[in-house]
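Reading through the structure tokens given below for one structure.
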Amino acid sequence: MRLVPQARRIGRGALLALALMVMLAGCRSAEKRSGAPAPAGPPPEYGKIVRVHNERAARLAKLWARGSAVITWIEEDGTKRVEQGEGHFQVVQPSNVALSIGKLGEVLFWLGCDDQLAWAIWTRDDKRAMVGPHSANTRARLAEVGIAASPRDLIRLAGLAPLPESHAGTAPARAPDGTIRFDIDLGPAEGAWRYWLAPDSLLAKRIALLDSPLGAEIVTSSLDVYLPVTLRREGGFFPTAPSRLRIRHEPSGSSASLTLESMNDGGGPRLAPANFVLASLLDAYNVSRIIELHSPEGQ
């Protein structure tokens, strides 16, 4: 991957924290265990899992929420850093993401993407933006600059992205704790993933980004406290989304956590198109220093 010289001077610890914020991450919590025995019997077929999951995902095509975040990472000199902030999490599937983090009403950091580009914008002091096409965000290229995942991965790590309707070789199995576990490989651009679902509701409880099909976990996401997402034009039963997301970058131990509230489908001006337009964001935050991530030769 070609990088402008400035990109290589950005601290790996800061970028890793950025990546974890992208993914709404957090420290892994201890699993709650009850005295009830784990469910027995064969797991549901993949077709049923897809049907249940994708019916909910289709109703969550748009999501807006307030959020509070705690990010923990280790600097190159071994210093542990912890940052806290509040902001907003916005999604318009399949590819529009906006995550803002700030303090006292001031946005300090904005991370997002559209269907072609992904970006991270620092709005204070040395105003700068890191920008690149999704084709530049392969796992190997992201690792070169210390980023664990692409902004677009946020949708899947939050349990919002649909599952592929047909996936050869996917065989759900029961994990020792009774959850339903299976892997999917979405190819080089989107990566390989592992899911753990609650045995009764089939809601995602844990999702992992793998370093290769059937490989080791790079990033783990724990999803808890599913709450209704208000839909303006629907009544009665609303779909649910996790209000607490905890993700950990396994190789480094860096982590972050996000708590969401007031989840809805973005009525009024909330999900404004400008929130997902890079030029509008650069202008709004007066950013002129651009650090470019390039696609491989020929792409």
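The values are calculated or read from the model by the stated rules, or taken from the named source; none is laboratory data. Please read all numbers here as calculations on a predicted model, not as lab measurements. A quick note on method: Cβ atoms are made from the backbone with ideal geometry, for glycine too, and the neighbour counts reach across all protein chains shown.
Observations on the structure shown:
- Of all residues in region 172-194, those being in contact with an Asp or Glu (Cβ under 9 Å, 6 or more places away or on another chain) and either without any contact (Cβ under 8 Å) to a residue 12 or more places away in the chain or not in a strand (DSSP E or B) (or both) number 4.
- Positions within region 223-254 being surrounded by fewer than 23 Cβ atoms within 10 Å (Cβ to Cβ) and in a strand (DSSP E or B), in sequence order: Asp224, Val225, Tyr226, Leu227, Pro228, Thr230, Thr240, Ser243, Arg244
- Here Ser95 meets each of (1) at pLDDT 90 or above; (2) in contact with an Asp or Glu (Cβ under 7 Å, 6 or more places away or on another chain); (3) closer than 20 Å to Asp283 by Cβ with one exception, condition (3).
- Remark: pairs (first residue in region 249-278, in contact (Cβ under 8 Å) with a residue 24 or more places away in the chain and within 20 Å of Asp153 (Cα to Cα); second residue charged (D, E, K, R) and part of a loop (DSSP other than H, G, I, E, B); Cβ separation under 7 Å; 6+ apart in sequence or on different chains) = Asp265/Arg232; Phe276/Asp114.
- Scoring Val219 on the criteria (1) touching a residue at least 40 places away in the same chain (Cβ under 8 Å); (2) within 19 Å of the chain's Cα centre (by Cα); (3) assigned to a loop (DSSP other than H, G, I, E, B) leaves a single failure, condition (3).
- Leading residue by the ranking (surrounded by the most Cβ atoms within 10 Å (Cβ to Cβ)) among those in region 78-127 that are free of Cβ contacts under 8 Å to residues at least 24 places away in the same chain and outside any strand (DSSP E or B): Arg124
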